[in-house]
Amino acid sequence: MDGILLLLWHSDWVLLAFSVLIFEIPRYTISLVSLAVLVVGKSEPRAAKSDLRISVAIPTFNGAGGLRETIASLRNQSVPPYEIIVVNDGSLDQTPAIAEQAFAEGLIDLVIHNPSRCGRSPGVNVAARFARGDLILTVDPDTVFSRTALERMAAAFIDPHLAAASCNIGVRNESATIWTELQALEYLMSISAGKSFLAQIGAISCCSGACSLYRRDIFFDRGGLDVGPGEDLEITLRLRRFGHRVGFVPDAWASTMAPESFIALARQRLRWDRDALRVRLIQYRECWPFRSEGLADTLQRLDFIVFDVVPTLSLPFYLAYCVLVFGSETPQFLAGVSLLLMILGLFNLALTGLLFNQRPRLFSMLVAPIFPVYQGILMKGVRFWAFTSELLFSASRQDDYVPPRVRRALAARSPREI
(Lines give C-alpha, C1' and ligand atoms only; values in the text may rest on other atoms or scores of the structure.)
Protein backbone atom coordinates (compact mmCIF):
# COMPACT_ATOMS: atom_id res chain seq x y z
CA MET A 1 0.00 0.00 0.00
CA ASP A 2 2.81 2.44 0.88
CA GLY A 3 4.44 1.72 -2.48
CA ILE A 4 1.20 2.48 -4.33
CA LEU A 5 0.68 5.77 -2.48
CA LEU A 6 4.29 6.77 -3.07
CA LEU A 7 3.95 6.00 -6.77
CA LEU A 8 0.84 8.17 -6.97
CA TRP A 9 2.57 11.00 -5.11
CA HIS A 10 5.47 11.06 -7.54
CA SER A 11 3.30 10.65 -10.63
CA ASP A 12 2.71 13.38 -13.18
CA TRP A 13 -0.31 15.23 -11.79
CA VAL A 14 -1.61 15.94 -15.29
CA LEU A 15 -1.60 12.21 -15.99
CA LEU A 16 -3.27 11.54 -12.66
CA ALA A 17 -5.97 14.12 -13.32
CA PHE A 18 -6.61 12.61 -16.75
CA SER A 19 -6.80 9.20 -15.09
CA VAL A 20 -9.62 10.42 -12.88
CA LEU A 21 -11.40 11.98 -15.89
CA ILE A 22 -11.01 8.77 -17.92
CA PHE A 23 -12.71 6.70 -15.25
CA GLU A 24 -15.65 9.11 -15.04
CA ILE A 25 -16.24 9.37 -11.28
CA PRO A 26 -15.66 13.17 -11.23
CA ARG A 27 -18.65 13.57 -13.52
CA TYR A 28 -20.82 12.62 -10.57
CA THR A 29 -18.68 14.47 -8.02
CA ILE A 30 -18.97 17.71 -10.00
CA SER A 31 -22.73 17.23 -10.39
CA LEU A 32 -23.28 16.43 -6.71
CA VAL A 33 -21.15 19.24 -5.29
CA SER A 34 -22.61 21.77 -7.72
CA LEU A 35 -26.13 20.58 -6.95
CA ALA A 36 -25.49 20.84 -3.21
CA VAL A 37 -24.25 24.42 -3.66
CA LEU A 38 -27.25 25.33 -5.82
CA VAL A 39 -29.92 23.91 -3.51
CA VAL A 40 -28.43 24.52 -0.05
CA GLY A 41 -30.60 26.86 1.96
CA LYS A 42 -33.35 26.84 -0.64
CA SER A 43 -36.82 25.62 0.18
CA GLU A 44 -38.76 24.66 -2.89
CA PRO A 45 -42.28 26.10 -2.83
CA ARG A 46 -44.98 23.48 -3.16
CA ALA A 47 -46.21 23.60 -6.74
CA ALA A 48 -49.90 24.16 -7.28
CA LYS A 49 -51.89 21.29 -8.68
CA SER A 50 -52.24 21.31 -12.44
CA ASP A 51 -55.62 20.93 -14.12
CA LEU A 52 -54.00 19.51 -17.26
CA ARG A 53 -55.31 16.05 -18.19
CA ILE A 54 -52.81 13.21 -18.64
CA SER A 55 -53.26 10.52 -21.28
CA VAL A 56 -51.00 7.54 -20.67
CA ALA A 57 -49.55 5.61 -23.63
CA ILE A 58 -48.19 2.13 -22.83
CA PRO A 59 -46.68 0.47 -25.91
CA THR A 60 -45.82 -3.13 -25.12
CA PHE A 61 -44.26 -6.05 -26.91
CA ASN A 62 -44.35 -9.25 -24.80
CA GLY A 63 -44.85 -7.17 -21.66
CA ALA A 64 -47.12 -9.56 -19.79
CA GLY A 65 -44.75 -9.80 -16.81
CA GLY A 66 -45.15 -6.19 -15.68
CA LEU A 67 -48.16 -4.70 -17.45
CA ARG A 68 -50.67 -5.38 -14.68
CA GLU A 69 -48.45 -3.77 -12.01
CA THR A 70 -47.85 -0.74 -14.22
CA ILE A 71 -51.58 -0.20 -14.70
CA ALA A 72 -52.21 -0.66 -10.96
CA SER A 73 -49.60 1.96 -10.03
CA LEU A 74 -51.16 4.42 -12.48
CA ARG A 75 -54.64 3.84 -11.06
CA ASN A 76 -53.30 4.36 -7.53
CA GLN A 77 -52.05 7.90 -8.23
CA SER A 78 -53.00 10.83 -6.00
CA VAL A 79 -54.18 12.47 -9.24
CA PRO A 80 -55.22 9.61 -11.55
CA PRO A 81 -54.60 9.89 -15.29
CA TYR A 82 -57.44 11.04 -17.51
CA GLU A 83 -57.10 7.88 -19.62
CA ILE A 84 -54.78 4.91 -20.15
CA ILE A 85 -54.16 3.51 -23.63
CA VAL A 86 -52.35 0.21 -24.12
CA VAL A 87 -50.86 -0.61 -27.52
CA ASN A 88 -50.22 -4.32 -27.93
CA ASP A 89 -47.39 -4.33 -30.47
CA GLY A 90 -47.78 -7.80 -31.96
CA SER A 91 -47.04 -9.58 -28.65
CA LEU A 92 -46.62 -13.34 -28.63
CA ASP A 93 -47.22 -13.85 -24.89
CA GLN A 94 -50.25 -13.16 -22.67
CA THR A 95 -50.10 -9.37 -23.19
CA PRO A 96 -53.28 -9.20 -25.37
CA ALA A 97 -55.31 -11.18 -22.83
CA ILE A 98 -54.03 -9.10 -19.88
CA ALA A 99 -54.80 -5.85 -21.71
CA GLU A 100 -58.30 -6.96 -22.68
CA GLN A 101 -59.01 -8.12 -19.12
CA ALA A 102 -57.86 -4.75 -17.75
CA PHE A 103 -60.13 -3.03 -20.27
CA ALA A 104 -63.08 -5.23 -19.25
CA GLU A 105 -62.44 -4.30 -15.59
CA GLY A 106 -62.42 -0.60 -16.43
CA LEU A 107 -58.75 -0.17 -15.50
CA ILE A 108 -57.74 1.10 -18.93
CA ASP A 109 -59.70 3.06 -21.51
CA LEU A 110 -58.49 1.73 -24.85
CA VAL A 111 -56.57 -1.24 -26.24
CA ILE A 112 -55.01 -1.03 -29.68
CA HIS A 113 -53.74 -4.25 -31.26
CA ASN A 114 -51.03 -4.23 -33.91
CA PRO A 115 -51.23 -7.54 -35.80
CA SER A 116 -47.43 -7.57 -36.14
CA ARG A 117 -44.63 -5.77 -34.34
CA CYS A 118 -44.08 -2.16 -35.48
CA GLY A 119 -41.79 -0.88 -32.72
CA ARG A 120 -42.13 1.33 -29.67
CA SER A 121 -42.26 4.69 -31.47
CA PRO A 122 -45.20 3.83 -33.78
CA GLY A 123 -46.99 2.45 -30.71
CA VAL A 124 -46.62 5.74 -28.82
CA ASN A 125 -47.53 7.78 -31.89
CA VAL A 126 -50.73 5.85 -32.58
CA ALA A 127 -51.75 6.07 -28.91
CA ALA A 128 -51.13 9.82 -29.00
CA ARG A 129 -53.38 10.08 -32.05
CA PHE A 130 -56.29 8.60 -30.08
CA ALA A 131 -55.46 10.44 -26.84
CA ARG A 132 -57.73 13.22 -25.60
CA GLY A 133 -55.60 14.62 -22.78
CA ASP A 134 -53.49 17.77 -22.66
CA LEU A 135 -50.35 15.81 -21.78
CA ILE A 136 -49.07 12.46 -23.02
CA LEU A 137 -47.19 10.20 -20.63
CA THR A 138 -45.12 7.50 -22.33
CA VAL A 139 -44.61 4.47 -20.10
CA ASP A 140 -42.78 1.15 -20.45
CA PRO A 141 -44.77 -1.89 -19.27
CA ASP A 142 -42.29 -2.70 -16.49
CA THR A 143 -42.44 0.76 -14.87
CA VAL A 144 -44.28 1.50 -11.62
CA PHE A 145 -44.82 4.93 -10.08
CA SER A 146 -44.81 6.37 -6.60
CA ARG A 147 -48.27 7.58 -5.59
CA THR A 148 -47.60 11.30 -6.22
CA ALA A 149 -45.47 10.96 -9.37
CA LEU A 150 -48.06 12.06 -11.94
CA GLU A 151 -49.29 14.93 -9.77
CA ARG A 152 -45.77 16.30 -9.41
CA MET A 153 -44.89 15.85 -13.07
CA ALA A 154 -48.08 17.56 -14.22
CA ALA A 155 -47.42 20.47 -11.83
CA ALA A 156 -44.20 21.22 -13.71
CA PHE A 157 -46.29 22.01 -16.81
CA ILE A 158 -47.74 25.07 -15.14
CA ASP A 159 -44.71 26.58 -16.86
CA PRO A 160 -46.22 27.31 -20.32
CA HIS A 161 -42.81 27.03 -22.01
CA LEU A 162 -42.18 23.47 -20.83
CA ALA A 163 -42.64 20.96 -23.68
CA ALA A 164 -41.44 17.75 -22.01
CA ALA A 165 -40.24 16.43 -18.67
CA SER A 166 -39.04 13.15 -17.22
CA CYS A 167 -39.08 11.87 -13.66
CA ASN A 168 -36.60 10.28 -11.30
CA ILE A 169 -36.01 6.57 -11.89
CA GLY A 170 -34.96 3.81 -9.51
CA VAL A 171 -34.32 0.09 -10.00
CA ARG A 172 -37.19 -2.15 -8.92
CA ASN A 173 -35.16 -5.35 -8.73
CA GLU A 174 -31.99 -3.87 -7.21
CA SER A 175 -31.57 -6.78 -4.77
CA ALA A 176 -31.68 -9.45 -7.49
CA THR A 177 -27.95 -9.63 -8.40
CA ILE A 178 -24.74 -7.69 -8.00
CA TRP A 179 -25.37 -6.23 -11.46
CA THR A 180 -28.72 -4.74 -10.43
CA GLU A 181 -27.14 -3.36 -7.24
CA LEU A 182 -24.50 -1.62 -9.33
CA GLN A 183 -27.14 -0.27 -11.71
CA ALA A 184 -29.13 1.06 -8.74
CA LEU A 185 -26.06 3.06 -7.67
CA GLU A 186 -25.52 4.17 -11.26
CA TYR A 187 -29.13 5.39 -11.59
CA LEU A 188 -28.81 7.27 -8.30
CA MET A 189 -25.65 9.01 -9.50
CA SER A 190 -26.46 9.61 -13.17
CA ILE A 191 -30.22 10.23 -13.05
CA SER A 192 -31.06 11.47 -9.56
CA ALA A 193 -27.91 13.57 -9.15
CA GLY A 194 -26.81 14.14 -12.74
CA LYS A 195 -30.17 15.15 -14.18
CA SER A 196 -31.06 17.21 -11.12
CA PHE A 197 -27.93 19.27 -11.69
CA LEU A 198 -28.45 19.53 -15.46
CA ALA A 199 -32.05 20.64 -14.85
CA GLN A 200 -30.76 23.51 -12.71
CA ILE A 201 -28.86 24.88 -15.71
CA GLY A 202 -31.47 23.94 -18.33
CA ALA A 203 -29.29 21.29 -19.95
CA ILE A 204 -31.46 18.12 -19.94
CA SER A 205 -30.67 16.22 -23.14
CA CYS A 206 -32.77 13.05 -22.83
CA CYS A 207 -36.23 12.41 -21.44
CA SER A 208 -36.22 8.73 -20.52
CA GLY A 209 -38.35 6.42 -22.60
CA ALA A 210 -39.44 4.59 -19.45
CA CYS A 211 -41.54 7.53 -18.27
CA SER A 212 -41.69 10.94 -19.95
CA LEU A 213 -44.45 13.51 -20.16
CA TYR A 214 -45.04 15.64 -23.26
CA ARG A 215 -47.34 18.54 -24.03
CA ARG A 216 -49.66 16.91 -26.58
CA ASP A 217 -49.96 19.78 -29.06
CA ILE A 218 -46.19 20.27 -29.20
CA PHE A 219 -45.65 16.52 -29.48
CA PHE A 220 -47.78 16.52 -32.65
CA ASP A 221 -46.47 19.81 -34.03
CA ARG A 222 -42.88 18.49 -33.85
CA GLY A 223 -43.65 15.16 -35.49
CA GLY A 224 -43.97 12.71 -32.58
CA LEU A 225 -41.37 10.04 -31.89
CA ASP A 226 -38.89 9.13 -34.61
CA VAL A 227 -39.24 5.47 -35.66
CA GLY A 228 -35.47 4.85 -35.62
CA PRO A 229 -33.40 3.81 -32.59
CA GLY A 230 -32.69 6.25 -29.76
CA GLU A 231 -36.12 7.85 -30.08
CA ASP A 232 -36.21 9.30 -26.53
CA LEU A 233 -32.89 11.11 -26.98
CA GLU A 234 -33.76 12.21 -30.53
CA ILE A 235 -37.08 13.84 -29.66
CA THR A 236 -35.53 15.63 -26.67
CA LEU A 237 -32.79 17.11 -28.84
CA ARG A 238 -35.35 17.96 -31.52
CA LEU A 239 -37.51 19.84 -29.02
CA ARG A 240 -34.43 21.73 -27.82
CA ARG A 241 -33.53 22.65 -31.40
CA PHE A 242 -36.99 24.17 -31.83
CA GLY A 243 -36.45 26.28 -28.72
CA HIS A 244 -38.71 24.36 -26.34
CA ARG A 245 -37.85 23.89 -22.68
CA VAL A 246 -37.21 20.37 -21.37
CA GLY A 247 -37.35 19.56 -17.66
CA PHE A 248 -36.72 17.00 -14.95
CA VAL A 249 -38.87 16.47 -11.85
CA PRO A 250 -36.59 14.96 -9.15
CA ASP A 251 -39.33 14.42 -6.54
CA ALA A 252 -41.50 12.40 -8.93
CA TRP A 253 -40.32 8.80 -8.69
CA ALA A 254 -40.77 5.74 -10.87
CA SER A 255 -38.92 2.44 -10.84
CA THR A 256 -38.14 0.03 -13.64
CA MET A 257 -36.67 -3.44 -14.05
CA ALA A 258 -32.93 -3.60 -14.78
CA PRO A 259 -31.01 -6.40 -16.53
CA GLU A 260 -29.97 -9.06 -14.03
CA SER A 261 -26.98 -10.56 -15.88
CA PHE A 262 -23.91 -8.94 -17.37
CA ILE A 263 -24.76 -10.24 -20.86
CA ALA A 264 -28.22 -8.66 -20.76
CA LEU A 265 -26.77 -5.45 -19.31
CA ALA A 266 -24.06 -5.25 -21.98
CA ARG A 267 -26.61 -5.75 -24.77
CA GLN A 268 -28.77 -2.96 -23.34
CA ARG A 269 -25.85 -0.53 -23.00
CA LEU A 270 -24.46 -1.36 -26.44
CA ARG A 271 -27.80 -0.30 -27.88
CA TRP A 272 -28.04 2.84 -25.73
CA ASP A 273 -24.47 3.97 -26.48
CA ARG A 274 -24.65 3.24 -30.22
CA ASP A 275 -27.89 5.19 -30.43
CA ALA A 276 -26.44 8.10 -28.45
CA LEU A 277 -23.44 8.37 -30.76
CA ARG A 278 -25.53 8.08 -33.90
CA VAL A 279 -28.14 10.63 -32.82
CA ARG A 280 -25.77 13.15 -31.25
CA LEU A 281 -22.70 13.10 -33.47
CA ILE A 282 -24.00 11.85 -36.81
CA GLN A 283 -27.61 12.98 -36.96
CA TYR A 284 -27.31 16.21 -34.93
CA ARG A 285 -23.56 16.82 -35.47
CA GLU A 286 -22.97 17.91 -31.91
CA CYS A 287 -19.18 17.78 -32.26
CA TRP A 288 -19.27 20.65 -34.77
CA PRO A 289 -17.62 23.52 -32.84
CA PHE A 290 -19.18 26.45 -34.67
CA ARG A 291 -22.81 26.51 -33.60
CA SER A 292 -25.30 29.26 -32.94
CA GLU A 293 -26.82 28.12 -29.66
CA GLY A 294 -27.52 29.17 -26.09
CA LEU A 295 -25.34 28.38 -23.09
CA ALA A 296 -27.60 25.54 -21.90
CA ASP A 297 -27.36 23.78 -25.28
CA THR A 298 -23.58 24.16 -25.25
CA LEU A 299 -23.38 22.69 -21.74
CA GLN A 300 -25.53 19.65 -22.54
CA ARG A 301 -23.45 19.04 -25.66
CA LEU A 302 -20.14 19.36 -23.79
CA ASP A 303 -21.40 17.01 -21.08
CA PHE A 304 -21.61 14.23 -23.66
CA ILE A 305 -18.38 15.08 -25.47
CA VAL A 306 -16.18 15.68 -22.39
CA PHE A 307 -17.50 12.90 -20.16
CA ASP A 308 -18.58 10.26 -22.70
CA VAL A 309 -16.83 10.56 -26.05
CA VAL A 310 -13.33 11.77 -25.10
CA PRO A 311 -12.71 9.43 -22.10
CA THR A 312 -14.14 6.40 -23.91
CA LEU A 313 -12.22 6.75 -27.15
CA SER A 314 -9.05 7.74 -25.24
CA LEU A 315 -9.09 4.70 -22.96
CA PRO A 316 -6.89 2.30 -24.99
CA PHE A 317 -4.38 5.06 -25.80
CA TYR A 318 -4.30 6.09 -22.15
CA LEU A 319 -3.57 2.53 -21.04
CA ALA A 320 -0.83 2.20 -23.65
CA TYR A 321 0.71 5.48 -22.47
CA CYS A 322 0.64 4.26 -18.84
CA VAL A 323 2.61 1.17 -19.89
CA LEU A 324 5.16 3.38 -21.65
CA VAL A 325 5.53 5.65 -18.61
CA PHE A 326 5.40 3.15 -15.75
CA GLY A 327 6.45 -0.11 -17.40
CA SER A 328 6.23 -2.94 -14.88
CA GLU A 329 4.75 -0.57 -12.29
CA THR A 330 1.64 0.05 -14.38
CA PRO A 331 -0.54 -2.34 -12.30
CA GLN A 332 0.48 -0.53 -9.10
CA PHE A 333 -0.31 2.85 -10.64
CA LEU A 334 -3.74 1.67 -11.82
CA ALA A 335 -4.37 0.15 -8.39
CA GLY A 336 -3.60 3.53 -6.84
CA VAL A 337 -5.96 5.27 -9.23
CA SER A 338 -8.64 2.71 -8.35
CA LEU A 339 -8.11 3.45 -4.65
CA LEU A 340 -8.50 7.17 -5.29
CA LEU A 341 -11.65 6.55 -7.31
CA MET A 342 -13.01 4.31 -4.56
CA ILE A 343 -12.68 7.14 -2.05
CA LEU A 344 -14.39 9.55 -4.46
CA GLY A 345 -17.12 6.98 -5.08
CA LEU A 346 -17.89 6.59 -1.37
CA PHE A 347 -17.99 10.38 -1.03
CA ASN A 348 -20.43 10.55 -3.95
CA LEU A 349 -22.65 7.88 -2.42
CA ALA A 350 -22.76 9.64 0.95
CA LEU A 351 -23.56 13.03 -0.61
CA THR A 352 -26.24 11.51 -2.84
CA GLY A 353 -27.90 9.93 0.19
CA LEU A 354 -27.99 13.29 1.97
CA LEU A 355 -29.34 15.19 -1.04
CA PHE A 356 -32.07 12.69 -1.92
CA ASN A 357 -32.87 11.27 1.52
CA GLN A 358 -31.80 7.82 0.35
CA ARG A 359 -30.55 5.64 3.18
CA PRO A 360 -28.04 3.21 1.62
CA ARG A 361 -28.69 -0.48 2.18
CA LEU A 362 -25.95 -2.69 3.61
CA PHE A 363 -25.37 -4.53 0.34
CA SER A 364 -25.19 -1.21 -1.51
CA MET A 365 -22.42 -0.10 0.86
CA LEU A 366 -20.55 -3.34 0.23
CA VAL A 367 -20.91 -2.96 -3.55
CA ALA A 368 -20.02 0.76 -3.60
CA PRO A 369 -16.21 0.23 -3.47
CA ILE A 370 -16.28 -1.70 -6.74
CA PHE A 371 -18.55 0.82 -8.46
CA PRO A 372 -15.55 2.73 -9.97
CA VAL A 373 -14.33 -0.51 -11.58
CA TYR A 374 -17.83 -1.24 -12.89
CA GLN A 375 -18.42 2.27 -14.23
CA GLY A 376 -14.90 3.34 -15.18
CA ILE A 377 -13.53 0.14 -16.68
CA LEU A 378 -16.15 -2.51 -17.38
CA MET A 379 -18.95 -0.33 -18.73
CA LYS A 380 -16.49 1.98 -20.43
CA GLY A 381 -15.19 -1.05 -22.31
CA VAL A 382 -18.74 -1.79 -23.42
CA ARG A 383 -19.17 1.82 -24.47
CA PHE A 384 -15.87 1.75 -26.38
CA TRP A 385 -17.09 -1.23 -28.39
CA ALA A 386 -20.45 0.48 -28.98
CA PHE A 387 -18.82 3.68 -30.23
CA THR A 388 -16.28 1.98 -32.47
CA SER A 389 -18.84 -0.43 -33.95
CA GLU A 390 -21.14 2.49 -34.70
CA LEU A 391 -18.38 4.60 -36.26
CA LEU A 392 -17.00 1.74 -38.34
CA PHE A 393 -20.06 -0.35 -39.16
CA SER A 394 -23.18 1.78 -38.36
CA ALA A 395 -24.23 -1.07 -36.07
CA SER A 396 -27.36 0.71 -34.80
CA ARG A 397 -28.95 0.18 -38.21
CA GLN A 398 -29.04 -3.56 -37.49
CA ASP A 399 -30.46 -3.30 -33.97
CA ASP A 400 -33.42 -5.64 -33.33
CA TYR A 401 -35.00 -2.94 -31.14
CA VAL A 402 -36.40 -1.65 -34.43
CA PRO A 403 -38.30 -4.43 -36.29
CA PRO A 404 -36.55 -5.60 -39.50
CA ARG A 405 -39.29 -4.39 -41.86
CA VAL A 406 -39.18 -0.94 -40.23
CA ARG A 407 -35.37 -0.91 -40.60
CA ARG A 408 -35.72 -1.75 -44.28
CA ALA A 409 -38.21 1.09 -44.74
CA LEU A 410 -35.81 3.48 -43.00
CA ALA A 411 -32.91 2.33 -45.15
CA ALA A 412 -34.96 2.98 -48.29
CA ARG A 413 -35.51 6.61 -47.34
CA SER A 414 -33.27 9.29 -48.80
CA PRO A 415 -30.94 11.27 -46.50
CA ARG A 416 -33.16 14.33 -46.89
CA GLU A 417 -36.17 12.37 -45.65
CA ILE A 418 -34.21 11.17 -42.63
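Treating the beta-carbon of each Lys and Arg as +1 and of each Asp and Glu as -1, no other charges, what is the dipole magnitude of the chain about its Cα centre, to the nearest 20 debye?
760 debye
Please give the FRET efficiency for Leu324 paired with Ile263, using the beta carbon to beta carbon distance and R0 = 41 Å, rounded to the nearest 0.05.
0.75
Which percent of the accessible area of the chain is formed by carbon and sulfur heavy atoms (probe 1.4 angstrom)?
62 percent
Return the distance in nm (one decimal) between the two label points of a simple spin-label model at Ala412 and Arg397, each offset 7 Å from Cα along Cα→Cβ.
1.6 nm
Pop out the Kirkwood hydrodynamic radius of the chain from its pairwise C-alpha distances, inverse of mean 1/r, in Å to one decimal.
22.6 Å
Any idea of the accessible area per residue across the chain, 1.4 Å probe, to the nearest Å²?
On a per-residue basis, the chain sits at 46 Å².
What residues have an amide H closer than 5 Å to that of Ile112, excluding those fewer than 5 places away on the same chain, when H is modeled at 1.01 Å from N in the peptide plane?
Here Val86, Val87, Asn88 satisfy the definition.
Beta carbons within 10 angstrom, averaged per residue: use that to sort the peptides 314-324, 203-213, highest first.
203-213, 314-324
Give me the base-10 log of I(q)/I(0) for region 127-184 at each q in 0.14, 0.16, 0.23, 0.31 Å⁻¹, Debye formula, one uniform scatterer per Cα, rounded to two decimals.
-0.55, -0.67, -1.03, -1.33
Determine the shape class of region 78-180: with a ≥ b ≥ c the square roots of the Cα gyration tensor eigenvalues, call it rounded for a/c under 1.5, and otherwise prolate if a/b is greater than b/c, oblate otherwise.
Judged from the Cα gyration tensor, region 78-180 comes out oblate (a/c at least 1.5, b/c at or above a/b).
Each residue of region 224-239 in turn: what ³J(HN,Hα) in whole Hz from Karplus with 6.51, -1.76, 1.60 and θ = phi - 60°, glycine and Pro shown as x?
Karplus-based 3J(HN,Hα) across region 224-239 equals x, 6, 5, 7, x, x, x, 5, 5, 5, 5, 5, 5, 5, 5, 4 Hz.
Can you give me the Cα centroid spacing of region 191-254 and region 293-346 in angstrom?
28 Å
Quick one: compute the contact order of region 210-363, relative version, from alpha carbon pairs under 8 angstrom and 6+ residues apart, as a percent.
Relative contact order, region 210-363: 13 percent.
For Trp253, what accessible area in Å² do you get when you roll a 1.4 Å probe over the heavy atoms of the protein chains, rounding to the nearest 10?
70 Å²
As an exercise, use a Förster radius of 30 Å and the Cβ-Cβ distance of Met365 and Ser116 to find the FRET efficiency, rounded to the nearest 0.05.
Calculated value: 0.05.
Around Phe248, which amide H atoms from residues at least 5 apart in sequence, or from another chain, sit under 5 Å from its own amide H, with H modelled in the peptide plane?
Those lying under 5 Å, H to H, from Phe248 are Ser166.
Could you tell me the relative contact order of the chain? Use alpha-carbon pairs under 8 Å, at least six residues apart, and round to a whole percent.
Result for the chain is 21 percent.
Summing -39500 (n - 2.57) over the DSSP H runs of n ≥ 4 in the chain and dividing by its residue number, what mean residue ellipticity at 222 nm do you reach, to the nearest 500 deg cm²/dmol?
For the chain, the value works out to -15000 deg cm²/dmol.
How would region 209-284 be classified by its alpha-carbon gyration tensor: rounded, prolate or oblate, with rounded meaning a/c under 1.5 and the a/b versus b/c comparison settling the rest?
oblate
For region 307-400, just say rounded, prolate or oblate: build the C-alpha gyration tensor, square-root its eigenvalues into a ≥ b ≥ c, call rounded for a/c under 1.5, and beyond that prolate if a/b exceeds b/c, oblate if not.
oblate
With a 1.4 Å probe and every protein chain left in place, tell me how much accessible area Phe145 has, in Å² to the nearest 10.
20 Å²
Which order do Leu295, Leu302, Leu339 take by accessible area at a 1.4 Å probe, largest first?
Leu295, Leu302, Leu339
The values are calculated or read from the model by the stated rules, or taken from the named source; none is laboratory data. Remember, predicted model here, so these are calculated numbers, not experimental data. Cβ sites come from the backbone with ideal geometry, for glycine too, and all protein chains shown count toward neighbours. Quick note on the areas: whole protein, heavy atoms, side chains included, nothing else; ligands and nucleic acids left out. Shrake-Rupley method; radii C 1.70, N 1.55, O 1.52, S 1.80 Å.
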